[in-house]
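Just below is one structure, and these are the notes that go with it.
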Amino acid sequence: MILKEPIVILANGAFPESKVSFTILKKAKNIICLDGATNKLIKHGLEPTLIIGDLDSIESKYKTMYKDIIIEKKEQNQNDLRKALSWVEKNNYRTVKVLGATGNREDHFIGNIFGILDIDYPMDIQLVTDFGVFQILKKGKHVIPSFIGQAVSFFASKQTAKVSTYMLKYSFIEDNISDCFSYTLNESVSNSFRVEILKGKVLLFTGHK
């Protein structure tokens, strides 16, 4: 099975409702559903390309109907999102958009968010919610398309990241980010802003317009 990028993964959290997130889902060339997310996708008139998970929440009728595109992974040391991202990595895809990874259960939400930060995936992963986008920025210079007043936050974990930013309300030069709270609630002052990662990596959140 060869999929067209970006790979869209639908997790079994809150189903995308905002214009931005639902449009990504509707226009997706391929949709990988995580287990019970299949139930929600079909109820919205769309079909999965692939289904991955431990199959503890997918409806039995869909389990039978889509048996040819199911990859069952029973191991419990990873959640279904990490199982899907491991499959994407193994198959050499490089661009991924994850939807439905937030809402419903806060513990799943936190696990999904920081899972993409703490595991060093080689892919470009965007975790899109109804309110914004989480993405990883690694060492180097990054220009982020933006708009005046856009919500911007930075998070780090495990290691200290050294970061400089430009065209933000609260810009900083070669600051060490080593926690999940000190560099939140910022905002853009232009139609783009720049981030230079001198060491480590950060999780960037940008809000939808």
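I need to check one value: relative contact order of the chain, counting alpha carbon pairs closer than 8 Å and at least 6 residues apart, in percent.
On the way: 457 pairs, mean separation 39.8, N = 209.
About 19 percent, as a whole number.
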Response to the item:
Share of accessible surface on carbon and sulfur in the chain, whole %, 1.4 Å probe and ligands ignored, is 51
Fill in: Stretchable slack from Ser164 to Asp68, in nm (0.36 nm times residue separation minus alpha-carbon distance)
29.7 nm
Fill in: the stretch 15-100: relative contact order as a whole-number percent, Cα under 8 Å and 6+ apart
28
Worksheet item: Just the projected area, averaged over all directions, of the convex hull on the alpha carbon atoms of the stretch 89-209: how many nm²?
Response: 7.4
Item to complete: Quick one: which residues, 5+ away or cross-chain, put their amide H under 5 Å from the amide H of Thr129? H built at 1.01 Å from N.
Response: Phe134
Discussion item. Given a 10 angstrom Cα cut-off, can you work out which residue in Met65, Met123, Met167 is the most mobile in a GNM of the chain?
Written reply: Met65
Discussion item. What is the ratio of the Cα radius of gyration of the chain to 2.2 N^0.38 Å, with N the residue count, to two decimals?
Written reply: 1.05
Worksheet, complete the sentence: Largest fluctuation, Asn12, Asn186, Asn91 only, Gaussian network model of the chain with Cα springs under 10 angstrom, belongs to Asn91
Worksheet item: Taking the simple approach of a point 7 Å from Cα along Cα-to-Cβ for both Phe181 and Arg194, what is their distance in nm?
Response: 3.3
Worksheet item: Distance from the Cα centre of the stretch 10-36 to that of the stretch 169-190, in angstrom?
Response: 30
Worksheet, complete the sentence: Net charge near Pro6 (other residues with Cβ under 12 Å of its Cβ; Lys, Arg +1; Asp, Glu -1) is +3
Worksheet item: For the stretch 1-147, what is the accessible area per residue in Å² when the probe is 1.4 Å?
Response: 52
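The values are calculated or read from the model by the stated rules, or taken from the named source; none is laboratory data. Being a predicted model, the structure only gives us computed values, none of them experimental. Glycine also receives a Cβ, built like all others from the backbone with ideal geometry; neighbour counts cover every protein chain displayed. In case anyone asks, the SASA skips ligands and DNA or RNA and just uses the protein heavy atoms, side chains included. Shrake-Rupley method; radii C 1.70, N 1.55, O 1.52, S 1.80 Å.
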